[in-house]
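Accompanying notes for the structure given below.
Bear in mind that the values in this text are calculations on the coordinates, not laboratory data. Note that this is a predicted model, so its numbers are computed, not measured. Neighbour counts run over all protein chains shown; Cβ positions are idealised from the backbone, glycine included.
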Amino acid sequence: MDKALVKLAPSILAADFAHLGAQVADAEQAGADRIHVDVMDGHFVPNLSMGAPIVQSLRRVTRLPVETHLMVSDPDAFLEEFAEAGADLLLVHWEGNNNLHRTVHRVKTLGKRVGVVINPATPAAVLEEILQDVAQVLVMTVNPGFGHQHFIHTTLPKIRRVRQMIEEIKPGCDLEVDGGIDAATAPLVAGAGANVLVAGSAIFGDSDGVAAAMNRLRAAIDDDAT
Ligand code: DX5
Ligand code: ZN
């Protein structure tokens, strides 16, 4: 993966919600490529987070694409709401969806980009038939539900496999990773073929501020020789 092409998607799950607009503005100014919004329903994952009104508010304060990671049991019930709120890309999980093809095409019908997400224990092979229909694959590098978890290193060979599948089946499809991405793990995932990196606590949890944190991540990716 060309290091210069690696994109950063700050996850607002780790932001200070009392100053969300300012935090997102900081990220945008520091060169963020997108804003990642984690939606959790307390059922698909054991945590609650935020819904479409947050996307609607963000839409008014940033020009960056907003991607919505739907960690919910029935994504179809929310697609329209998030599309109307102004999300640019909707990320839906493979797990628990018996009709993924239908969900993916519903997103497309709404005029939005669509991505499929796989959890750490889910093999890359499940993507084979759906890959040609999506703009992005998100490989979870932690189990979804919480920020600030440890990166699961056994996901690295899978990232490599997904990169291979993308080159064979859908060149141009984005390969994103999410969970435990920091200055130590960013070069590993970029080296394995990821071109979009989600980072929450490594960006919004850094005591030196958002810009310094993003520069550190970019430097770690650029310096890496792999
Ligand atoms: C986890 C979420 C992630 C989370 C990542 O379920 O999908 O987007 O915000 O947080 P960090 O970067 O702190 O691991
Ligand atoms: Zn996420």
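Positive-end ranking of Gln132, Met165, Thr154 along the dipole of segment 129-226, with charges on Cβ about the Cα centre, is headed by Thr154.
Here r is the Cβ-Cβ distance between His153 and His19 and R0 is 41 Å; the resulting FRET efficiency, rounded to 0.05, is 0.75. Residues Met50, Met40 in ascending order of nearby Cβ atoms (within 10 Å, fewest first): Met50, Met40. The convex hull around the C-alpha trace of the chain, projected and averaged over every direction, spans 11.0 square nanometres. Consider all pairwise Cα distances in segment 4-125 and report the whole-number % of them above 22 Å. For segment 4-125, the fraction of Cα-Cα distances above 22 Å is 34 percent.
Placing pseudo-labels 7 Å out from each Cα toward the beta carbon at Glu129 and Phe146 gives an inter-label distance of 3.5 nm. Rounded to the nearest 20 debye, the dipole size of segment 83-214 about its Cα centre is 340 debye, using +1 on the Cβ of Lys and Arg and -1 on the Cβ of Asp and Glu. Working from Cα pairs under 8 Å separated by at least six residues, relative contact order for segment 35-161 is 20 percent.
How large is the charge dipole for the chain, taken about the Cα centre, if only the Cβ atoms of Lys, Arg (+1) and Asp, Glu (-1) carry charge, to the nearest 20 debye?
Taking the Cα centre of the chain as origin, the dipole is about 280 debye.
Ordered by the count of other Cβ atoms within 10 Å of each Cβ, fewest first, His150, His43 give His150, His43.
Full extension of the segment from Ser207 to Asp76, taken as 0.36 nm per residue of separation minus the current Cα-Cα distance, would add 43.3 nm. Mean sequence separation of contacting Cα pairs (under 8 Å, at least six apart), scaled by the length of the chain, corresponds to a relative contact order of 22 percent. With neighbours defined as other Cβ atoms within 10 Å of a residue's Cβ, the residues Arg106, Arg63 order from fewest to most as Arg63, Arg106.
Return the calculated 222 nm mean residue ellipticity for the chain, to the nearest 500 deg cm²/dmol, obtained by summing -39500 (n - 2.57) across DSSP H runs with n ≥ 4 and dividing by the residue count.
Working: 8 runs with 76 residues, N = 226.
The per-residue figure over the chain is -9500 deg cm²/dmol.
Positive end of the dipole of the chain, charges at C-beta (+1 Lys, Arg; -1 Asp, Glu), about the Cα centre: which of Val210, Ala85, Ala183 has its Cα farthest in that direction? Of Val210, Ala85, Ala183, it is Ala85. Each label was represented as a point 7 Å from its Cα along the Cα-to-Cβ direction; for Ser57 and Leu110 these points are 2.0 nm apart. Simple spin-label estimate for Asp222 and Leu5 gives 1.9 nm between the two label positions (7 Å along the Cα-to-Cβ direction from each Cα).
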